[in-house]
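The values are calculated or read from the model by the stated rules, or taken from the named source; none is laboratory data. Remember, it's a predicted structure, so these values are computed and weren't measured experimentally. FYI the Cβ positions are ideal-geometry reconstructions off the backbone, even for glycines, and counts take in every protein chain you see. We work out accessible area using only protein heavy atoms, side chains counted, and drop any ligands, DNA or RNA first. Shrake-Rupley method; radii C 1.70, N 1.55, O 1.52, S 1.80 Å.
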Amino acid sequence: MAEFLTPQHEDFSKWYTEIVQKADLADYSPVRGCMVIKPYGYTLWERIHEELDRRFKDTGHVNAYFPLFIPESFLHKEAEHVEGFSPELAVVTIGGGNQLEEPLVVRPTSETIIGHMYAKWVQSYRDLPLLINQWANVVRWEMRTRLFLRTTEFLWQEGHTAHATRQEAIDETLQMLNVYTDFAVNEAAIPVIPGRKSESEKFAGAVTSYTIEAMMKDGKALQSGTSHFLGQNFAKAFDIKFLDENNEQQFAWTTSWGVSTRMVGAVVMTHGDDQGLVLPPRLAPIQVVIVPIWRKDDQRTEVMEAANKLYARLKGFVRVKLDDREGVSPGWKYNDWEMRGVPLRIELGPRDIEKQSVMLARRDIPGREGKTIVPMANLEETIPEMLATIQASILQKAQDYRDANIQDVTTYAEFKAAIEQGFARVWWAGSREDEARIKDETKATIRCIPLEQPGGKGRCIYTGQEATEVAIFGKAY
RNA sequence: CGGGGCAUAGCGCAGUUUGGUAGCGCGCACGGUUCGGGUCCGUGAGGUCUGCGGUUCAAAUCCGCAUGCCCCGACCA
């Protein structure tokens with residue numbers, strides 16, 4: 001068999017670039033660092049969008065839309081925020097042929113303009129909490145870009161909430177982290193580690209940042225969603241004030257949280273194999289593909305009739321596609337749909353029709369072992385069951401892989417070895433500077449301080465001081 | 001921004017060293033053959049060789065400048 005795809009073990013990075021394009025997820029655009037999300041990739045994003053949006057609504061949030069352009073001065077109102085984002089801003093200076101009085105930045109994120117609006121909208125504690133999300137594009141002028149993982153323009157959702165009390169805002173921040181974790185595990189089948197960001201890794205302007213960190217198949221970490229407790233930083237910068245029950249002026253407490261099209265990259269790099277994508281059934285644009293098989297013309301009529309009937313039947317309860325392309329062999333189609341990561345394939349030929357059965361092939365188990373013959377009568381039960389099995393199975397596989405590549409280490413030598421293949425979990429009491437030195441020496445950073453802690457005390461891996469928490473280090477995307 | 005590589009048909013490349021009618025594979029179109037794991041045969045369409053300037057009888061090829069993209073490093077969802 002010819003090589004259609006660079007094997008993962010040979011060059012994971014190349015594998016990724018190739019599969020994203022070959023599976024029709026995205027293509028490069030004429031503008032450097034930007035991508036075109038193709039229909040198949042966009043449908044996957046739509047599935048992510050739907051599942052997240054459902055969870056946001058369930059937790060009391062509503063959607064709105066804020067403008068793409070932000071007055072440049074807004075960015076300057078929060079000191080850390082401007083420092084963090086200045087290097088990567090795209091700025092519009094000309095409009096309608098005239099130099100603008102004040103340049104407009106293309107939003108890199110919307111805390112500032114939303115802060116400005118919230119200040120207008122919030123007068124009383126009765127106006128709180130404000131629980132708004134927006135689905136939008138944002139622009140960050142990145143040095144190096146990669147399809148889905150880091151592009152100049154990307155799609156995301158950003159939730160922005162304002163609360164009357166500190167505790168309520170903290171609860172919101174953690175609630176949304178839980179929502180992300182739930183989504184990642186139960187929809188994307190990605191076993192993420194929820195945790196807190198270190199000082200140097202936190203969002204520009206946040207008091208505390210939380211993250212869900214995932215391990216990709218090359219052992220590197222991908223930050224797949226973030227939730228920030230912003231304290232009163234933005235409230236003070238934008239004057240979001242309200243009168244409380246005692247008729248006293250208070251600053252609001254705000255949060256923000258986001259998941260981006262990077263999630264698509266996470267799905268690709270968590271489950272994909274040398275055959276191509278492996279999509280979790282719950283997110284897959286196509287869950288089942290029917291490949292008809294015939295030899296002679298009379299068989300063709302018979303098979304296509306049966307295939308069309310089957311398609312009409314399945315359409316009611318799964319996302320199904322009938323591959324009726326002519327001129328390509330069934331074997332070619334198998335490979336083609338495997339590359340696109342379709343979880344389940346139905347092979348339907350004369351032999352099956354005769355026996356009133358179909359051949360079911362699982363994407364997550366390659367070759368003959370993944371094939372079973374099932375009676376056509378039970379497909380309403382068999383297919384959803386099989387999809388659920390696949391979903392559970394790829395989650396388990398990803399979790400086993402991750403667990404096998406997280407090591408608890410106590411010496412710096414072990415640490416260095418551990419981060420060559422995955423994550424290192426260590427006792428940590430170091431400073432921002434210690435973290436920077438480790439990054440220089442090993443390229444690894446604190447991915448997160450997991451919410452789930454072992455308790456007790458230990459010796460800090462770097463400083464040798466007494467430490468009360470463990471941190472997870474890894475090389476990051 | 002530093003280092004490296006590349007730019008020739010939709011895609012992947014050869015041709016550039018040594019200047020002389022622009023080629024191969026895949027894909028695409030048409031016809032036939034095939035179809036239970038990437039069929040086979042035939043016919044055909046498709047190129048201002050990234051751009052600008054120079055050398056020359058003659059430039060994809062030599063020289064200069066520019067631009068774009070990819071990979072590796074510092075910043076980042």
Rounded to the nearest 10 Å², the accessible area of A:Met339 at probe 1.4 Å = 30 Å²
Computed about the Cα centre, the charge dipole of chain A from +1 Lys/Arg and -1 Asp/Glu charges at the Cβ has a magnitude in debye, to the nearest 20, of 760 debye
Which whole-number percentage describes the relative contact order of the stretch A:12-271, with Cα contacts under 8 Å and a sequence gap of 6 or more?
-> 20 percent
Taking the Cβ of A:Glu466 as the center, what net charge do the other residues with Cβ under 14 Å away carry, scoring Lys and Arg +1 and Asp and Glu -1?
-> +1
Where the centroid of each part is defined by its Cα atoms, how far is the stretch A:42-97 from the stretch A:181-209 in Å?
-> 18 Å
Divide the volume of the convex hull of the Cα atoms of the stretch A:46-120 by its number of residues and quote the answer in cubic angstrom per residue.
-> 147 Å³
Counting Lys and Arg as +1 and Asp and Glu as -1 over every other residue whose Cβ sits under 13 Å from the Cβ of A:Val122, the net charge comes to 0
Bins of 5 Å, starting at 0 and running to the largest distance - Cα pair percent for the stretch A:158-269 = 2, 13, 21, 21, 16, 11, 7, 5, 3, 1, 0, 0
What percentage of the solvent-accessible surface of the stretch A:166-298, computed with a 1.4 Å probe over protein heavy atoms, is contributed by carbon and sulfur atoms?
-> 40 percent
Quote the convex hull volume per residue of the stretch A:177-228, based on C-alpha atoms, as a whole number of Å³.
-> 69 Å³
Counting only DSSP beta bridges with both residues in the stretch A:253-350, what percent are antiparallel, rounded to the nearest 5?
-> 10 percent
Scoring chain A by relative contact order with C-alpha pairs under 8 Å, at least six apart, yields a percentage of 14 percent
Ratio of Rg to Rh for the stretch A:12-271, alpha carbon only, Kirkwood?
-> 0.98
Per the charge dipole of chain A (beta-carbon charges, Lys/Arg positive, Asp/Glu negative, Cα centre), the residue among A:Gly272, A:Ile461, A:Val303 reaching farthest to the positive end is A:Val303
Calculate the dipole size of the stretch A:388-469 relative to its Cα centre from +1 charges on Lys and Arg beta carbons and -1 charges on Asp and Glu beta carbons; express the result in debye to the nearest 20.
-> 140 debye
Order the following by accessible area, largest value first: A:Tyr210, A:Tyr118. Probe radius 1.4 Å; ligands, DNA and RNA are ignored.
-> A:Tyr210, A:Tyr118
Heavy-atom accessible area ranking, 1.4 Å probe, most first, across A:Leu379, A:Leu243 = A:Leu243, A:Leu379
List every residue whose amide H lies under 5 Å from the amide H of A:Val105, counting only residues 5 or more places away in sequence or on a different chain, with H placed 1.01 Å from N in the peptide plane.
-> A:Ile70, A:Glu72, A:Val92
Vicinal HN-Hα couplings computed from phi for the stretch A:272-282 (Karplus, 6.51 cos²θ - 1.76 cosθ + 1.60; Hz; Gly/Pro x) | x, 9, 5, 7, x, 6, 10, 9, x, x, 5
Rounded to the nearest whole Å², what accessible area per residue is found for chain A with the 1.4 Å probe?
-> 45 Å²
Segments A:176-188, A:391-403 sorted - mean Cβ within 10 Å per residue, highest first = A:176-188, A:391-403
Inter-part distance where the stretch A:274-317 and the stretch A:216-249 are each reduced to a Cα centre, Å = 47 Å
Dipole magnitude of the stretch A:19-118 about its Cα centre, charges +1 at Lys/Arg Cβ and -1 at Asp/Glu Cβ only, in debye to the nearest 20?
-> 380 debye
Rounded to whole Å, √(5λ) for the Cα gyration tensor eigenvalues of chain A, largest first, gives 44, 28, 22
A:Arg146 accessible area, 1.4 Å probe, all protein chains in place, Å² to nearest 10 | 50 Å²
A:Thr463's amide H: which non-local residues (gap 5+, or another chain) put their own amide H closer than 5 Å, with H modeled 1.01 Å from N in plane and none for Pro or chain starts?
-> A:Ala429
Is any helix in chain A, taking whole DSSP H runs, at least 27 angstrom long along its axis by alpha carbon and on average at least -1.0 on the Kyte-Doolittle scale, and which ones?
-> A:166-186, A:379-404
For A:Phe66, the net charge from surrounding residues (Cβ-Cβ under 11 Å; K, R +1; D, E -1) works out to -1
Equivalent ellipsoid semi-axes for the stretch A:288-384, as square roots of 5 times the alpha carbon gyration tensor eigenvalues: give them largest first, rounded to whole Å.
-> 18, 16, 13
Gain upon complete extension [A:Glu50, A:Glu385; 0.36 nm per residue less C-alpha separation] = 118.4 nm
Helix-only mean residue ellipticity at 222 nm for chain A, each DSSP H run of n ≥ 4 adding -39500 (n - 2.57), per residue, nearest 500 | -11000 deg cm²/dmol
Highest mean packing first, using Cβ neighbours within 10 angstrom, the peptides A:247-257, A:449-459 sort as A:247-257, A:449-459
Measure off 7 Å from each Cα along the Cα-to-Cβ vector at A:Glu248 and A:Ala90, then give the distance between these two points in nanometres to one decimal.
-> 4.7 nm
Considering amide H positions built from the backbone, and no H for Pro or chain starts, which residues 5 or more places from A:Phe423, or on another chain, come under 5 Å of its amide H?
-> A:Ile406, A:Gln407
Would you mind getting me the FRET efficiency between A:Ser200 and A:Ser13? Use the beta-carbon distance for r and R0 = 22 Å, nearest 0.05.
-> 0.30
Probe 1.4 Å - accessible area at A:His116, Å² to nearest ten = 70 Å²
With R₀ set to 56 angstrom, the calculated FRET efficiency between the beta-carbons of A:Glu142 and A:Thr411, to the nearest 0.05, is 0.95
Rank A:Phe4, A:His81, A:Ala184 by how far each Cα sits towards the positive end of the charge dipole of chain A (+1 on Lys, Arg Cβ; -1 on Asp, Glu Cβ) and give me just the farthest.
-> A:Phe4
For the stretch A:407-474, just the Cα set please: Rg and Dmax, both in angstrom.
-> 10.7, 30
With Rg from the Cα atoms and Rh as the Kirkwood inverse mean 1/r over Cα pairs, the stretch A:211-349 has an Rg/Rh of 1.31
With unit charges on the beta carbon (Lys/Arg positive, Asp/Glu negative), name the residue among A:Gly41, A:Pro194, A:Tyr477 whose Cα is farthest towards the positive pole of the charge dipole of chain A.
-> A:Gly41
